[in-house]
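I have placed the structure first, in the form of structure tokens, so that the comments after it can refer back to it.
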Number of protein chains: 2
Amino acid sequence: MTQIGVLLSGRGSNFLAIADTIERGEIPGARIAAVLSNVAGAPGIHAAQARGLHTATVESRGCKRAEHDAAMLERLRDAGVELVCLAGYMRLLSPGFVDAYPQKILNIHPSLLPAFPGLDAQRQALAYGVRVTGCTVHFVDKELDHGPIVLQRTVPVLDTDDEAALAARILEQEHLAYPEAIARVLSGRYHFAGRRYVLRDAPTMAAGGTH
Amino acid sequence: MTQIGVLLSGRGSNFLAIADTIERGEIPGARIAAVLSNVAGAPGIHAAQARGLHTATVESRGCKRAEHDAAMLERLRDAGVELVCLAGYMRLLSPGFVDAYPQKILNIHPSLLPAFPGLDAQRQALAYGVRVTGCTVHFVDKELDHGPIVLQRTVPVLDTDDEAALAARILEQEHLAYPEAIARVLSGRYHFAGRRYVLRDAPTMAAGGTH
């Protein structure tokens, strides 16, 4: 069993998608050991408590990043967390945090990275005029939205899209992508080839809806 | 009828895809008025001649860019060309060329721009580790691989892909994308909204295989 720690700052819709998928038994070997927030009163924490999950809030406001990260790490270690999933966690991780979980921290970003890193990815995509965007689940390294990619799902940009409509359709795909990415990581069947995260022994692999 | 000029430097597989689609009557209002090469002996020119198309070669080797572009422009104007399609034309256009055909020059690039501009886009995609890439038909402006996007098609990156295998699958999609993009431009139904190239009067638009 792999102990998962979820970090969130808001409603945590991706956390809920992950928790639902685990409850349905669709991520073999996964258990949510802790749900942590850096914001007091985050709705995602209430939802986690309602599901009987272990939660904690370590307020980051007015706290130095290194000190806050150390406090978060202590909670994660106390809960035996082995894999950290950022789910709308609106705070950059310190290098020390990344070093504490090497290639064991996942994040999801609402674009097809490396396009449109950083804030307001959906707005960036509309402003650029791309016809397709999507979401990316990736390992976290010390650069913003940069680590190796676990999987991506595509979303067409419609002529009528505004930022809210596009963001909503991307979010639907995020809720599919994140659980599938966790299952991929926990399967033990993938390894790194340079930056590529690929099946260990795959002479051929069929194309699927998820890429 | 819109007179199209194709510029190529090699075999011109995208030119052939465009010519085939026009011959099948699937790009209403399109006619290829000239096929020009900057390289002597380009196979694409022989293929164009075999189809009875008007061709010309203006060798660029040893020729200054502005002078070469002026000579190409003269051929295009003589042939009455209204829309220029770059199809493996391995030479940067001078600002004067771009100004001569404002928003009337199309190019195709083997990635989902703005990701992986420039040379070796397929190699860049594999090195980054993306799970999906594709091709982009865009208007040419004065920056490299930067103008407004007409359409994009996606291609999954398979675990077993090397550069050649990925490039071949992207090329299949290019051959669908380029004719479809020309049809979109010639339809007269699209206009610019900032950088977005969208249907003029589309209250809603269904998602399709082409984005």
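Some points to look at:
- Positions within the range B:125-143 being assigned to a helix (DSSP H, G or I) and crowded, with 24+ Cβ neighbours inside 10 Å, in sequence order: B:Ala125
- Selection status of B:Glu26, within 16 Å of B:Tyr178 (Cα to Cα), of a type outside the set (A, V, I, L, M) and out of contact with any strand residue (DSSP E or B) (no Cβ under 8 Å at 6 or more places or on another chain): yes
- The listed residue being assigned to a strand (DSSP E or B) and either more than 14 Å from chain B (Cβ to nearest Cβ) or closer than 17 Å to A:Ala177 by Cβ (or both), out of A:Gln122, A:Gln152: A:Gln152
- Within the range B:42-52, considering residues that are closer than 11 Å to B:Gly12 by Cβ and among the aliphatic types (A, V, I, L, M), the one surrounded by the fewest Cβ atoms within 10 Å (Cβ to Cβ): B:Ala47
- Residue match in the range A:100-109 (condition: within 12 Å of chain B (Cβ to nearest Cβ) and within 29 Å of B:Arg153 (Cα to Cα)): no
- Out of A:Gly147, A:Gly134, one residue alone is under 23 Å from A:Phe15 (Cβ atoms), at the interface with another protein chain (Cβ under 8 Å from one of its Cβ atoms) and free of Cβ contacts under 8 Å to residues at least 60 places away in the same chain. It is A:Gly134.
- The residues of the range B:1-23 that are of a type in the set (A, V, I, L, M, F, W, C), in contact (Cβ under 8 Å) with a residue 40 or more places away in the chain and in contact with a strand residue (DSSP E or B) (Cβ under 9 Å, 6 or more places away or on another chain), listed by number, are B:Ile4, B:Val6, B:Leu7, B:Leu8, B:Phe15, B:Ile18, B:Ile22.
- Applying the criterion of being free of Cβ contacts under 8 Å to residues at least 12 places away in the same chain and surrounded by fewer than 17 Cβ atoms within 10 Å (Cβ to Cβ) to the residues of the range B:157-171, the residue that is farthest from the other protein chains (Cβ to nearest Cβ) is B:Ala164.
- The range A:64-102, residues that are farther than 12 Å from A:Asn38 by Cα and among the acidic types (Asp, Glu): A:Glu67, A:Glu74, A:Asp78, A:Glu82, A:Asp99
None of the figures in this text is laboratory data; all of them are computed from the coordinates on show. Computed from a predicted model, the values in this text were never measured in an experiment. Neighbour counts are summed over all protein chains in view; Cβ atoms, including those assigned to glycine, are modelled from backbone coordinates with ideal geometry.
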